[in-house]
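The values are calculated or read from the model by the stated rules, or taken from the named source; none is laboratory data. These figures come from a predicted structure and were not determined experimentally. No Cβ is skipped: glycine too gets one built from the backbone with ideal geometry, and neighbour counts run over all protein chains shown. Areas reflect the complete protein model, heavy atoms only, side chains present, ligands, DNA and RNA absent. Shrake-Rupley method; radii C 1.70, N 1.55, O 1.52, S 1.80 Å.
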Amino acid sequence: MAGARSAEPPAELRLHKRLTPGPLICTGQSRYSWVLSNSPGPAVQLRAMDCKNGCVSQCTGPGGPKGALETFKAKDLIITPASTLKEKPDPETLVFGTVFTDHMLMVEWSSECGWEKPHIKPLQNLSLHPASAAFHYAVELFEGLKAFRGVDNKIRLFRPRLNMERMHCSAKRATLPGFDEEELLGCIQQLVKLDQEWVPYSTSASLYIRPTFIGTEPSLGVKKPTKALIFVILSPVGPYFSSGTFNPVSLWANPKYVRAWKGGTGDCKMGGNYGSSLFAQCEALDNGCQQVLWLYGEEDQITEVGTMNLFLYWINEDGEEELATPPLDGIILPGVTRQSILDLAHKWGDFKVSERYLTMDDLISALEGGRVREMFGSGTACIVCPVSDILYKGETLHIPTMDNGPPKLASRILAKLTDIQYGREESDWTIIVS
């Protein structure tokens, strides 16, 4: 490989100085890169960079650690406003994820130059080579968070740093390059501020923010990509479920389909986890259910529901009032709403709060003993969603979540979170954008 490279760098080669201390981004395996040399001799020399399987690794060589630009900076953001602005939709008629704002954020990366400057530009189609890694090997991931227009007309983001942290973890698992979470968040804030009129003037609607990270190297080789792209699009949304947020859903539980497994990517927000779930979702609909209750293992452990985390509010085997959710053991997505519910419940201190394994036998036994109070899903899109029935092994199990009207705990959680999100209650969980 080294023999194919010239001893002198091309004149147009861009050289980036390291901006901040910390680990450098290494890309590819045993590649060569032009770097500034601290040793006597020519001002520029060729040095080998041996990169391990991680995304953010320490590269060392003569003269100490050096490498491509390790992150983009929000202060370098380029904004190209759209020349024509679209008409804003009626918040009452919004369907999830079908309408998009005037602008998008794009940041390109390559192993040769590192991160380019972030750029907000008019919403547009992407131009990608048909051999791009994202198309063939699902080298991609995404996030989902929201901006809310408060009762005071201020626009808030809800716990966005948890999304940035999760996105960084997903990127590492996908062998995509590292980035500074705060810098990406800063760019997203500027995008939301530019499109702030798209944040619905409504306390039942919001602006959904979809950061996406894809491998774009034009190669059919199954390998860590040497080119990548972060882009962020915005979409005003109403309730996630067309039936309404607080209409309960029925679940189809069948162990023949598995959403995630130990050692897999179930704890990462990757598109492959969702695309591969669609077949089971279609079968759930064919069986008269709205969502899939994902089971795992020989004991039919309860893991997630549809695209949501799952909570069970019950009287446990020891006679304790308990709010339980499956633990983060590698097959559960660490949801932001999930974490927020746990944090609230711990703070309230009204009942036991547990991250524990739950099986279908546990649930059936509790139903037979009249110990189940509520079951609900949680997620950014839906916040909370009650469960009414589960179809399991040909039998419909009735969950009494809604038997006495709106569920007490789910209603309390929903009220508390929306009060924070829409500014009725001050909280350090929100960041004010505008």
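For every residue, the table says whether it meets (1) closer than 20 Å to residue 187 by Cβ; (2) in contact (Cβ under 8 Å) with a residue 60 or more places away in the chain; (3) open to solvent by 20 Å² or more (accessible area, probe 1.4 Å); (4) not hydrophobic (A, V, I, L, M, F, W, C).
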| residue | (1), (2), (3), (4) |
| --- | --- |
| 198 | yes, yes, no, no |
| 221 | no, no, yes, yes |
| 226 | no, yes, yes, yes |
| 231 | yes, yes, yes, no |
| 235 | yes, yes, no, yes |
| 238 | no, yes, no, yes |
Response to the item:
Considering residues that are open to solvent by less than 40 Å² (accessible area, probe 1.4 Å) and either assigned to a strand (DSSP E or B) or among the aliphatic types (A, V, I, L, M) (or both), the number found within the stretch 98-116 is 9
Discussion item. Which count do you get for residues in the stretch 117-140 that are more than 15 Å from residue 176 (Cα to Cα), open to solvent by 40 Å² or more (accessible area, probe 1.4 Å) and assigned to a loop (DSSP other than H, G, I, E, B)?
Written reply: 9
Item to complete: Those residues that are of a type in the set (A, V, I, L, M, F, W, C) and within 17 Å of the chain's Cα centre (by Cα), I need them from the stretch 311-335; list them, please.
Response: 328, 331, 332, 333
Item to complete: Of the conditions (1) at pLDDT below 95; (2) under 30 Å from residue 201 (Cβ atoms); (3) open to solvent by less than 20 Å² (accessible area, probe 1.4 Å), residue 95 clears all except one; give me its number.
Response: (3)
Worksheet item: Does residue 415 fit the bill of being without any contact (Cβ under 8 Å) to a residue 40 or more places away in the chain, of a type outside the set (Phe, Trp, Tyr) and closer than 30 Å to residue 234 by Cβ?
Response: yes
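Let's see how each residue does on (1) free of Cβ contacts under 8 Å to residues at least 60 places away in the same chain; (2) of a type in the set (Val, Ile, Thr):
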site	(1), (2)
280	yes, no
308	no, no
315	yes, yes
335	yes, no
351	yes, no
361	no, no
370	yes, no
379	no, no
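Residue by residue, here is whether (1) among the aliphatic types (A, V, I, L, M); (2) open to solvent by 60 Å² or more (accessible area, probe 1.4 Å); (3) under 27 Å from residue 84 (Cβ atoms); (4) modelled with pLDDT of 95 or more holds:
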{"site": "151", "(1), (2), (3), (4)": "yes, yes, no, yes"}
{"site": "162", "(1), (2), (3), (4)": "yes, no, no, yes"}
{"site": "169", "(1), (2), (3), (4)": "no, yes, no, yes"}
{"site": "172", "(1), (2), (3), (4)": "no, yes, no, yes"}
{"site": "175", "(1), (2), (3), (4)": "no, no, no, yes"}
{"site": "183", "(1), (2), (3), (4)": "no, no, no, yes"}
{"site": "202", "(1), (2), (3), (4)": "no, no, yes, no"}
Fill in: Selection from the stretch 318-334 of residues that are in contact with a Phe, Trp or Tyr (Cβ under 6 Å, 6 or more places away or on another chain) and open to solvent by 30 Å² or more (accessible area, probe 1.4 Å)
321
